[in-house]
Amino acid sequence: MSTMDCRGRITDRAIVAALGWRPGTLMTIRQARALLLIRTDLHGTSGVTPQGHLRLPAALRHASQLSPGDRLLLAAYPSHDLLIVQPPAALDELLAPHHRHLLAVTA
């Protein structure tokens, strides 16, 4: 989990290091349903900042309804050179069926 700041930065450097990404690494970020998929791309328009942070472009933040201070679930897949960012709404959607089942069982 990591928090996104007011400029769209994800400040968890450990996840960037786990993927082997360094400052200046170029990447593409695309939306797939409620998720954001981040991959390295030599022709990418986004990149790892000099401080080692990821920055989500404003257009994607708005499309994903992300706000400063949102906690994001980050899932790194180094063998696929992929980072999946799960915004709060995606987590709600993912967990809702399980919660409904638990609520029905305890009612």
(message) I'm trying to understand the selection: among the residues of segment 3-40, which are touching a helix residue (DSSP H, G or I) at 6+ places or on another chain (Cβ under 7 Å) and surrounded by 12 or more Cβ atoms within 10 Å (Cβ to Cβ)?
(response) Gly8, Ala18, Leu19, Ile29, Gln31, Ala34, Leu35, Leu36
(request) Inspect all residues belonging to segment 81-98 and state whether any of them is under 19 Å from Ala17 (Cα atoms) and more than 10 Å from the chain's Cα centre (by Cα). (result) yes
(request) Tally the residues that are modelled with pLDDT of 95 or more and in contact with a helix residue (DSSP H, G or I) (Cβ under 9 Å, 6 or more places away or on another chain), restricting the search to segment 76-100. (result) 3
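The values are calculated or read from the model by the stated rules, or taken from the named source; none is laboratory data. None of these values were measured; they are calculated from a predicted model. Backbone-built Cβ (ideal geometry, glycine too); neighbour counts: all protein chains shown.
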